[in-house]
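First the structure, in the form of structure tokens, and then the observations on it.
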Amino acid sequence: NNRQNEKLYKGYQLRDTIDGFYDEPYVYGKDDNTLNTEAKEYLAKIKELCEENKCELILVSAPSAMSWSEEKYEAVNEWAKSNSVKYYDLNKDNEKVGIDWTNDTYDRGVHVNIYGSKKATAYIGEILKTDYSLTDHRTDTKYADWQKDYEKAGLY
């Protein structure tokens, strides 16, 4: 059954338990663990690979009340601006995303559960649809297996 779920979820590990976070995000002091030299080198390589393949790199920070910090945001935002890369921080956009930290996390604010995942995915999906004009393949026969797996998984 786990093998079938892995196929249906395309690598996603479904967590539907709720273990809420009841504090203010990022209240745990300074965070020196930001973009080090190696991370910047890999970002540059990824950007170069995207340019070689004529695709646009965008950066997204997933919602995390416990693992993300203002310092991390500033470091990624600075790199993105200086490299002309669009950056979406779902923590900064939390009001628009609609994450409710008391219900949308399974590990007290480190990761979102299925409820938070749906909100984050819908938010990014709308950005990709409107700002990047990506084609919706849900009715495309070439992608029928994806739609079937989505329906079997019951994640909607």
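The values are calculated or read from the model by the stated rules, or taken from the named source; none is laboratory data. A quick note: this is a predicted structure, and the numbers were derived from the prediction, not measured. Methodologically, a virtual Cβ is constructed for each residue, glycine included, from the backbone with ideal geometry; neighbour enumeration extends over all protein chains shown. Each accessible area value is taken on the protein alone, full model and side chains, heavy atoms only, with ligands, DNA and RNA left out. Shrake-Rupley method; radii C 1.70, N 1.55, O 1.52, S 1.80 Å.
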Self-check item: FRET efficiency, Leu35 to Glu151 (Cβ-Cβ, R0 35 Å, nearest 0.05)
Solution: 0.30
Quiz prompt | Within the chain, longest stretch free of exposed trypsin sites (Lys or Arg not before Pro) [DSSP loop, at most 10 other beta carbons within 10 Å] | solution = 55-137
Quiz prompt | Inter-label distance, nm, simple model (7 Å from Cα along the C-beta direction), Ile46/Glu70 | solution = 2.5
Quiz prompt | With DNA, RNA and ligands ignored, accessible area of Leu49 (1.4 Å probe; Å², nearest 10) | solution = 100
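With a 1.4 Å probe and all protein chains left in place, how much accessible area per residue does the stretch 26-156 have, in Å²? Spell out each step's value before the answer.
Values: 8790 Å² over 131 residues.
Value returned for the stretch 26-156: 67 Å² of accessible area per residue.
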Quiz item: Gaussian network model of the chain, Cα springs within a sub-10 Å range: biggest mean-square fluctuation belongs to which of Gly116, Gly125, Gly20?
Solution: Gly125
Practice problem: Let me have the relative contact order for the chain, percent, based on Cα pairs under 8 Å that are six or more residues apart. | Solution: 31
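Using the beta-carbon distance between Thr141 and Asp16 and R0 = 25 Å, what value does 1/(1 + (r/R0)^6) give for FRET efficiency, to the nearest 0.05? The partial results should precede the final answer.
Details: r = 31 Å, r/R0 = 1.25.
Computed FRET efficiency for Thr141 and Asp16 comes out at 0.20.
With only Lys, Arg, Asp and Glu charged, each at its Cβ (+1 for the first two, -1 for the last two), find how big the charge dipole of the chain is about the Cα centre; round to the nearest 20 debye.
The dipole magnitude comes to about 640 debye.
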Self-check item: Cα-based shape type of the chain, given that a ≥ b ≥ c are square roots of the gyration tensor eigenvalues and the cut on a/c is 1.5
Solution: oblate
Practice problem: Once you have a ≥ b ≥ c as the square roots of the Cα gyration tensor eigenvalues for the stretch 65-156, tell me rounded if a/c is under 1.5, and otherwise prolate or oblate according to whether a/b is larger than b/c. | Solution: oblate
Self-check item: Positive-end extreme of charge dipole, the chain - chosen from Met66, Gly109, Thr139 (charges on Cβ)
Solution: Thr139
Practice problem: Over the stretch 61-135, with every protein chain in place, what whole percent of the accessible area is carbon and sulfur at 1.4 Å, could you tell me? | Solution: 50
Practice problem: Heads up, I need the accessible area for Val97: 1.4 angstrom probe, whole protein in place, Å², nearest 10. | Solution: 10
Quiz item: What FRET efficiency comes out for the pair Tyr132/Ala62, r = Cβ-Cβ distance, R0 = 25 Å, nearest 0.05?
Solution: 0.85
